[in-house]
Amino acid sequence: MELVGNVCVRDTSKTIEADSITYLVEEKKVIANGHVLIQRKGQWLSSDRAVYLKAGNQIIASGGVQLIDPTEQITVTGGQAEYDLETKAAVITDHPKLLKAETKRGKNLIVTARQLEFHSEDKKVIASQDVHISRERMNAICGKMIYLQAEERLILQNTPEVIGLRSGAAEEILKGDTIKIAIKDGQVNEVIVIGEATGKTVGVDGGEVSEVSGQKVSLQFKDEELQRITVQGNATSIYRFFRAEDSEREINEVSGDTVQFFFREGELYRVLVTGGAMGIYSSSSKF
């Protein structure tokens with residue numbers, strides 16, 4: 001059976017609209033073509049073509065796929081999607097992209113990868129392979145990302161790197177085995193790097209370099225201004241400063257079980273080292 005021209009099919013759980021719909025009775029298959037729009041329990045799936053497999057309660061969509069969850073302000077796009085109607089889980093491939101809109105702050109979260117899994121029941125998104133994440137000045141790359149919507153937390157795995165968390169730095173890179181980014185009220189409020197954790201910041205003029213390393217590095221923010229850095233487990237901090245015009249050089253190295261850095265209005269004002277503290281300081285202009 002084939003229906004043509006602004007077709008709309010409804011049942012108890014979903015609505016399918018398309019330019020044409022073909023229903024294969026024996027195969028229990030519905031084929032929708034042209035401006036396909038499927039609505040189900042507050043979610044919209046649009047595409048150029050979609051096949052509904054009644055036996056597996058599954059939809060396979062292709063061409064200009066767009067999955068929208070207006071409640072969570074999430075839009076996922078891609079070339080193809082497989083959507084399980086039972087679990088409300090979708091796997092999106094062919095240049096998938098996730099956009100999490102942030103209306104309060106206007107700092108949208110954008111994620112691209114080779115594959116995106118959108119689990120609406122569990123409020124979770126999983127991105128796999130060549131993952132790129134951007135949010136205002138922050139960028140990140142990794143092999144796998146888990147986004148926990150209810151907790152507003154990003155978990156980056158498989159050689160993750162986070163770049164450019166703070167303003168006032170020409171280069172800023174965090175690396176480790178796992179990086180967790182917590183967002184509250186539309187703002188980044190904590191970043192935790194676990195396992196072979198390193199951080200490097202280069203000043204705008206390139207003459208100021210700060211490096212930290214340890215088993216765990218935690219950064220706490222308030223209104224997205226850095227308040228504290230805590231380095232734990234064989235913690236080491238190296239600060240280098242070089243000013244070419246007067247040949248001034250400065251090296252400041254500290255290590256201990258834990259090293260904490262405290263900031264006020266973007267400026268470091270206190271360093272606290274605990275457990276086996278050691279330090280080296282040199283400055284050609286002062287000593």
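The values are calculated or read from the model by the stated rules, or taken from the named source; none is laboratory data. Every value quoted in this text rests on a predicted model; they were computed, and no experiment measured them. Here the Cβ is made from the backbone with ideal geometry for all residues, glycine too, and neighbour counts use every protein chain on show.
Applying the condition of being modelled with pLDDT under 90 and in contact with a Ser or Thr (Cβ under 9 Å, 6 or more places away or on another chain) to the stretch 121-165 and asking which residue is surrounded by the most Cβ atoms within 10 Å (Cβ to Cβ) yields ARG137. Checked against the criterion of being under 10 Å from the mean Cα position of the chain (by Cα), farther than 22 Å from ILE74 by Cα and in a strand (DSSP E or B), the candidates VAL162, VAL191 yield just one match: VAL162. Listed by first and then second residue, the pairs linking a residue in the stretch 258-281 that is β-branched (Val, Ile, Thr) and modelled with pLDDT of 80 or more to a residue that is surrounded by 11 or more Cβ atoms within 10 Å (Cβ to Cβ) and not in a strand (DSSP E or B), with Cβ atoms under 9 Å apart and 6 or more places separating them unless they lie on different chains, are THR258/GLY275; VAL259/ALA277. Considered as a group, the residues in the stretch 194-211 that are at pLDDT 95 or above and among the β-branched types (Val, Ile, Thr) include one that is farthest from the chain's Cα centre (by Cα), and that residue is THR198.
Only a single criterion out of (1) at pLDDT 95 or above; (2) under 14 Å from the mean Cα position of the chain (by Cα) is not satisfied by ASP177, namely (2). Does the stretch 119-140 include one or more residues that are within 27 Å of LEU174 (Cβ to Cβ), touching a Lys or Arg at 6+ places or on another chain (Cβ under 6 Å) and not in a strand (DSSP E or B)? Yes, that holds for at least one residue. Going residue by residue through the stretch 61-71, is there one that turns out to be part of a strand (DSSP E or B) and farther than 30 Å from GLU136 by Cα? Within the stretch 61-71 (the criterion being part of a strand (DSSP E or B) and farther than 30 Å from GLU136 by Cα), the answer is yes, since at least one residue qualifies. Mind checking whether some residue in the stretch 243-257 is assigned to a strand (DSSP E or B), touching a strand residue (DSSP E or B) at 6+ places or on another chain (Cβ under 9 Å), among the basic types (Lys, Arg) and at pLDDT below 75? Within the stretch 243-257 (the criterion being assigned to a strand (DSSP E or B), touching a strand residue (DSSP E or B) at 6+ places or on another chain (Cβ under 9 Å), among the basic types (Lys, Arg) and at pLDDT below 75), the answer is yes, since at least one residue qualifies. Within the stretch 33-49, the set of residues being basic (Lys, Arg) and more than 14 Å from ALA90 (Cβ to Cβ) comprises ARG49 only.
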